[in-house]
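The values are calculated or read from the model by the stated rules, or taken from the named source; none is laboratory data. Note that the structure is predicted; figures quoted are calculated from it, not measured. When we count neighbours, we look across all protein chains shown, and the Cβ atoms used for this are built from the backbone with ideal geometry, even at glycine. We work out accessible area using only protein heavy atoms, side chains counted, and drop any ligands, DNA or RNA first. Shrake-Rupley method; radii C 1.70, N 1.55, O 1.52, S 1.80 Å.
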Amino acid sequence: MNTKTELLTLIKFVRAEKPALDHFTSTLEKTVKKTPDDEIDFHRMNDQSLPDILFILALTSEDVLSQYSRIFINLASHEIANIYRPNLAFSSIIHPH
């Protein structure tokens with residue numbers, strides 16, 4: 001599975017769409033890179049969406065939790081989901097035809 005690559009691509013896409021989340025997405029990017037592939041793939045195999053996986057990783061990351069409140073993480077994750085779900089451009093980046 002290429003879930004880690006998809007997550008990193010989503011983070012870069014979000015950073016371009018919402019520069020205000022730059023620091024949060026940078027911290028989240030480090031978390032994704034440090035997380036073992038099999039842990040990330042486990043969430044994907046259990047039908048979690050990419051934004052949901054990022055939310056789970058954020059809530060279980062000491063780096064993220066030490067810098068952001070759970071309320072901020074929830075709101076930022078909601079923004080990521082809003083960018084991801086309706087955006088067909090992102091879908092074509094991840095799955096080119």
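Over the chain, average the accessible area per residue using a 1.4 Å probe and give it in Å², no decimals. Write down the numbers at each step before the final one.
On the way: 5740 Å² over 97 residues.
Per residue, the chain has an accessible area of 59 Å².
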* In whole percent, how big is the carbon plus sulfur part of the accessible area of the chain, probe 1.4 Å, protein atoms only? -> 54
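Magnitude of the Cβ-charge dipole of the chain, K/R +1 and D/E -1, about the Cα centre, nearest 20 debye? Write out the running numbers ahead of the final one.
Working: 10 positive and 13 negative charges, 52 e Å.
Here the size comes out at about 240 debye.
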* Using 1/(1 + (r/R0)^6) with R0 = 22 angstrom and r between the beta carbons of Arg85 and Asn46, what's the FRET efficiency to the nearest 0.05? -> 0.75
* When all C-alpha to C-alpha distances in the chain are sorted into bins of 5 Å, what percent of pairs does each bin hold, rounded to whole numbers? -> 2, 14, 27, 27, 20, 8, 2, 0, 0
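Would you mind calculating the gained length between Ser66 and Lys18 on full extension (0.36 nm times residue separation, minus the Cα-Cα distance), in nm to one decimal? Before the final figure, lay out the partial values.
Details: separation 48, 0.36 × 48 = 17.28 nm, distance 2.20 nm.
Net length gain for the segment: 15.1 nm.
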* Within the range 9-38, find all residues whose amide N lies under 13 Å from a label point positioned 7 Å from the Cα of Ile56 along Cα-to-beta-carbon. => 36-38
* Structure fact -> With -39,500 (n - 2.57) per DSSP H segment of 4 or more residues and division by the full residue count of the chain, the 222 nm estimate, nearest 500 deg cm²/dmol, is -23000 deg cm²/dmol
